[in-house]
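**Q** Could you have a look at this structure, given as structure tokens, before my questions?
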Amino acid sequence: FALQELKLIDPSMGSGHILVYAFDVFMQLYEAEGQSPRTAAELILENNLFGLDIDQRAFQLAYFALMMKGRQYSRRILSKQLRPNVYAVPNNAEIGEAELQLVQMQFNDQKKAQQDLLTLVEGFKNGDELGSLIKFEGLDFENLKSGLNNTNVSFFDQSIKEMILVGELLQQQYEIGITNPPYMGSSGFGSVLSKFSKKQYPNSKNDLFAMFMERWNNSISFTGYNTMVTMQSWMFLSSYEVMRKNILAKNTITNMMHMENMVMGIAFGTAVTIIKNNYVKGFKGTYHQIKTVDVSSNLEPSIIPIPGNRFNQITQDEFSKIPGSPIAYWVSEKLLHAFVVGKRFGDLLLSAQGMTTGDNNTFLKYWYEVKVNEISFNSDYINMTSKWYPMNKGGEYRKWYGNNDYIIWYNQESLELLKTKSGFRHDGKEYYLKESITWSSITSGSLSMRYRPSGSIFSNASREAFNTKINYLNSKNTMLYVLAIMNTKLGDLFLKILNPTINTPTGDIQKVPIIFNQSIDRIVIDFVKDCIGIVSKDWNSFEVSWDFKKHPLI
């Protein structure tokens, strides 16, 4: 590329700080080619830098900042007919097909121009909400721009002109994309954005940042790069699996800086990812991690990569060996091999989530808040004339056994009332009262699983796995063997590879590899039974247990 042909865009530019920094980089490149600073400044503004935003005030600040950068090197730049290529995305609320008939602009191809203008005005409806997520294809902007110099135009000529200029930025390809896109989950979308995201970005519709990634990866030239500062969730969550697999199949991650919570002053993990817009088989990308402690007192890390942190140069082809293809760049070859040869948790046990009452205050109690003779302990079936049943609701970190605190009002009377509650879901009812292993759906620490004997209903705050699938040992022993693996550091490590967030959804648990070793399986089963026995004895040694008999110190 000739330097003047190199296009860089920030599609959510804000006040333009990235563009201002890019200006300085381009200035160094032009000066290295022998260009004078005055000429270089004008060339940068005319040819190299592009920016978009939905906020008019942000656009004004970015425009001002770039003009001041130009003025730094060219004293007469303010008197020249030179305009930086930064814009606020137009919001068309008035111009439609009927109004376009009044346009007096003269185009080289009048018929094609009318068609393209109609596409533009329709595309920019709700432009102030959709911003640079809007896409255009096949519009002839050279033809449209041929009409911009006509002086005999209608009163809305300026609106048309802006839509043409911004539309061209939204259609053309760039060698460099770089931005810190907005973050907003789909629960915060308005009706317009929600409908638009489902139609235009089905693989990334769960958050604005992911939609920006997908949108602007596709607007980079074959030899170009897209760099974004985003939430880390796209790297692991199943809701971004299709998007993630598309990136790994069509693009190449060349570099990633993965940052822990609070590294950027925000309470979630983030990632700076540089993506090349073509797939290079076998290319080893460079990945590294920055922990919160590395930037304590708002100081930048003294060296990158940081010794002792995750650092790896690995081909992204390896990620496909892990179910869901998470961007688990730190994983060793042995761990990757375990995913290849192991049996999946979900192939051994059937997992489910339980009931959502919509009103826990009414339907859930601690077991000691009601008469004991009204509680059906150790039941094998639901008797709709009974009143209370044990309820598994997750709970604190505890392995092997315990957290048996709650009961649920569950009979014919309560079921009729439950059906009137907003949010009530009767999930998992076919597995109520069955023997299981269980874990909490949200945990801030390590994974902890517990054995749950038959006789309990379970809630959406817990997850349960049951003996209803293939058994490699026998019905109960398969469950206990899986429990043993999941309660080791290795089980927790596998889960952190699949999903390092505080959520432990069923889908990720089901992907954990379980490797059976026949030479030790009997030892493992006996060990698990001992652990369950010891911890259940501990749990039952205190009055919070409904199986409490006597305190061990008496």
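**Q** List the trypsin sites (Lys or Arg not before Pro) in segment 197-257 that DSSP assigns to loop (not H, G, I, E or B) and whose Cβ has at most 10 other Cβ atoms within 10 Å. Which are they?
**A** Counting only loop positions with at most 10 other Cβ atoms within 10 Å, none of the trypsin sites (Lys or Arg not before Pro) in segment 197-257 qualifies.
**Q** About the Cα centre, and with charges only on the beta carbon of Lys, Arg (+1) and Asp, Glu (-1), how big is the dipole of the chain? Nearest 20 debye, please.
**A** Dipole size: approximately 1320 debye.
**Q** Taking a 20 Å limit on the Cα-Cα distance, which of the listed pairs LYS195/LYS250; LYS291/LYS334; LYS476/LYS550; LYS343/LYS476 fall beyond it?
**A** Check vs 20 Å cut-off fails for LYS195/LYS250; LYS291/LYS334; LYS476/LYS550.
**Q** If you take the square roots of the eigenvalues of the alpha-carbon gyration tensor of segment 347-539 and sort them as a ≥ b ≥ c, do you get rounded (a/c under 1.5), prolate (a/b over b/c) or oblate?
**A** prolate
**Q** So how far, in whole Å, is the C-alpha centre of segment 216-263 from the one of segment 506-554?
**A** 41 Å
**Q** Among 415-424, 280-289, how do they line up from the highest to the lowest mean number of other beta-carbon atoms within 10 Å?
**A** 280-289, 415-424
**Q** Further question on the same structure: Among the lysines in segment 97-172, how many pairs, 8 or more places apart or on different chains, have alpha carbons under 18 Å apart?
**A** Close lysine pairs under the 18 Å cut-off: 8.
**Q** What is the packing order of peptides 431-443, 340-352, taking the mean over residues of other C-beta atoms within 10 Å and listing the highest first?
**A** Top of the packing list down: 431-443, 340-352.
**Q** State the answer as a single residue: which of ASN255, ALA41, LEU144 lies farthest towards the positive end of the charge dipole of the chain, with beta carbon charges of +1 for Lys and Arg and -1 for Asp and Glu, about the Cα centre.
**A** Value: ASN255.
**Q** Computed from the coordinates I sent, Rg and Dmax of the Cα atoms in Å equals one of (1) 26.5, 83; (2) 30.1, 101; (3) 39.5, 127. Tell me the label.
**A** Step by step, Rg and Dmax of the Cα atoms in Å for this structure corresponds to label (2).
**Q** Taking the Cβ of each residue in GLU99, GLU396 as the centre, tally the other Cβ atoms inside 10 Å and list the residues starting with the fewest.
**A** Result, fewest neighbours first: GLU396, GLU99.
**Q** Give the long-range amide H neighbours of MET449: residues separated by 5 or more places, or on another chain, with amide H under 5 Å away, using H modelled in the peptide plane at 1.01 Å from N.
**A** Here the answer is TRP400, since their amide H atoms fall under 5 Å of that of MET449.
**Q** If I require 24 Å or longer along the helix axis, counting alpha carbons, and a Kyte-Doolittle average no lower than 0.0, what helices from the chain are left? Use full DSSP H segments. Walk me through the numbers before you get to the answer.
**A** Details: long enough: 56-73 (27 Å, -0.22); 521-539 (27 Å, 0.39).
Once both thresholds are applied, what remains is 521-539.
**Q** Moving to a separate point now. Taking neighbour counts of Cβ atoms within 10 Å as a proxy for exposure, in what order, fewest first, do ILE322, ILE520, ILE408 appear? Could you put the intermediate results ahead of the total?
**A** Working: ILE322 21, ILE520 10, ILE408 26.
Neighbour counts put them in this order, fewest first: ILE520, ILE322, ILE408.
**Q** Please compute the contact order of segment 97-172 in relative form: average sequence separation of alpha-carbon pairs under 8 Å and at least six residues apart, divided by the residue count, as a percent.
**A** Value for segment 97-172: 44 percent.
Rule-based calculations on the coordinates, nothing more; no lab input. Keep in mind that what you see is a predicted model, and the values were worked out from it rather than measured. Note: ideal-geometry Cβ built from the backbone for every residue, glycine included; neighbour counts use all protein chains shown.
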